[in-house]
Amino acid sequence: MNTAEKLINKFNEIKTLPHIVTRLAELINDPDSTLHDFEEVIRTDPALVARLLTLVNSSYYGLMRKVDSISRAVALLGMKNLHNIAVTDALNEMFRSTRDDSDGFSPSRLWLHCAGTAICSKMIAERIFSINGDDAYLCGILHDIGLLVESQVATEEFLQAYEAWDAETSSIIIEEKRWLGTDHGVIGYLLARSWQLPEPLAEAVRNHHTLADDIQPRSLLGILQMSQYILAQLDLTVKPGETMHLPPSLATHIQENVEEYRVLAADLPEEIERIQQMYNL
């Protein structure tokens, strides 16, 4: 933890989540907060307002009439969805300010992997398990944030770990611990807790490379790992050629519901293309 905390402290000196994101998290955790409170916070960020109105008027929502007020957009999207959009916007800016290394690690590829995992996680939660997908989305968008931290504040060691990592046969966790003394799951967990996110979500971020036998398919961790597996089939991974494995409980679940997952996987590229257009990926 000490090594991870040091890396996070360095990262926070150069890149931090906007105040609006942490304020929205505080409102979500406050049982007395109202949609009006959310509206007042969002009004302070014109870029976020524009993104919200673009999203709520997109074909994704299929509304008959155009929404041109923040209050209506807030009411339609809901509190958690608003928070997730703000987090996505903030992370998009973080990744955009990190240039790709044409000879190796690609922040833009990592960002697309995170965005794709978020979308897939939300789809699994809502389509397969009929549960609200907002937490699953947030878990997906944040699960590899630790890699961005490492690449920014321990660049040389991270690139050595990335280069040494055989994506087809092993996990990057092994090389991270060797070169950096920690891993991106631990870093992501600490960041999630510092951003006041729920413990189950933070734990899923920390453990998303752990192949335990007792992972429940409908849990955040189960959904996250199955999303990563599906993304790997589309080669939307952190490193080209990366192989993802599933513990028996999740593999069995997918086999038992294979037709539903085939339909989901067929629809996924269109959903990812939509977010690529929205964020100019």
Check your understanding: Could you say whether any residue in region 184-198 is part of a loop (DSSP other than H, G, I, E, B), surrounded by 17 or more Cβ atoms within 10 Å (Cβ to Cβ), under 20 Å from the mean Cα position of the chain (by Cα) and among the β-branched types (Val, Ile, Thr)?
Key -> no
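Do we have any residue at all in region 245-252 that's part of a loop (DSSP other than H, G, I, E, B), under 19 Å from ALA136 (Cβ atoms) and out of contact with any Pro (no Cβ under 6 Å at 6 or more places or on another chain)? Write out each step before concluding.
At the first step, the residues of region 245-252 found to be part of a loop (DSSP other than H, G, I, E, B) are 245-247.
Right, trim to under 19 Å from ALA136 (Cβ atoms) and you get 246-247.
Next, from what is left, pick out any that are out of contact with any Pro (no Cβ under 6 Å at 6 or more places or on another chain): 246-247.
Looking for residues that are part of a loop (DSSP other than H, G, I, E, B), under 19 Å from ALA136 (Cβ atoms) and out of contact with any Pro (no Cβ under 6 Å at 6 or more places or on another chain), one finds at least one in region 245-252, hence yes.
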Practice item. Check whether at least one residue in region 132-146 is crowded, with 20+ Cβ neighbours inside 10 Å, under 18 Å from GLU271 (Cβ atoms), free of Cβ contacts under 8 Å to residues at least 60 places away in the same chain and in contact with a Leu (Cβ under 7 Å, 6 or more places away or on another chain), and report yes or no. Key: yes
Revision key, fill the gap. Residues in region 128-170 that are under 19 Å from ARG206 (Cα atoms) and β-branched (Val, Ile, Thr) total 3
Study note, to complete from the structure: When (1) of a type outside the set (A, V, I, L, M, F, W, C); (2) within 30 Å of LEU27 (Cβ to Cβ); (3) assigned to a loop (DSSP other than H, G, I, E, B) are applied to LYS239, the one that fails is (2)
Check your understanding: Just a yes or no: is a residue in region 254-262 in contact with a helix residue (DSSP H, G or I) (Cβ under 6 Å, 6 or more places away or on another chain), at pLDDT 95 or above and aliphatic (A, V, I, L, M)?
Key -> yes
Review point. If you go through region 152-180, how many residues are assigned to a helix (DSSP H, G or I), closer than 19 Å to GLN228 by Cβ and of a type in the set (Ser, Thr, Tyr)?
Key: 1
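Considering LYS15, LYS10, which residue is among the charged types (D, E, K, R) and at pLDDT 80 or above? Step through it out loud before you land on a result.
Working: LYS15 fails: at pLDDT 80 or above.
Unique residue meeting the criteria: LYS10.
Pick out the one residue from ILE223, ILE230 that is modelled with pLDDT of 95 or more, among the β-branched types (Val, Ile, Thr), in contact with a Pro (Cβ under 8 Å, 6 or more places away or on another chain) and in a helix (DSSP H, G or I). Working first, answer last.
Numbers: ILE230 fails: in contact with a Pro (Cβ under 8 Å, 6 or more places away or on another chain).
The conditions single out ILE223.
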Review point. So, in region 6-33, of the ones that are without any contact (Cβ under 8 Å) to a residue 12 or more places away in the chain and surrounded by 12 or more Cβ atoms within 10 Å (Cβ to Cβ), which residue ends up nearest to VAL87 (Cα to Cα)?
Key: THR16
Review point. Does region 39-48 contain any residue that is in a helix (DSSP H, G or I), touching a Lys or Arg at 6+ places or on another chain (Cβ under 8 Å), crowded, with 18+ Cβ neighbours inside 10 Å and at pLDDT 80 or above?
Key: yes
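If we scan region 122-130, do we find a residue that is of a type in the set (Phe, Trp, Tyr), assigned to a helix (DSSP H, G or I), more than 20 Å from GLU242 (Cβ to Cβ) and at pLDDT 90 or above?
Taking region 122-130 and keeping what is of a type in the set (Phe, Trp, Tyr), we get 129.
Right, trim to assigned to a helix (DSSP H, G or I) and you get none.
No, the conditions are met nowhere in region 122-130.
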Check your understanding: Are there any pairs with C-beta distances below 7 angstrom linking a residue in region 173-199 that is closer than 23 Å to TYR162 by Cα to a residue that is among the aromatic types (Phe, Trp, Tyr), with the two at least 6 apart or on different chains, and if so which?
Key -> GLU175/TRP165; LEU180/PHE158
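The values are calculated or read from the model by the stated rules, or taken from the named source; none is laboratory data. Small disclaimer: the values here were computed from a predicted structure and weren't measured. Methodologically, a virtual Cβ is constructed for each residue, glycine included, from the backbone with ideal geometry; neighbour enumeration extends over all protein chains shown.
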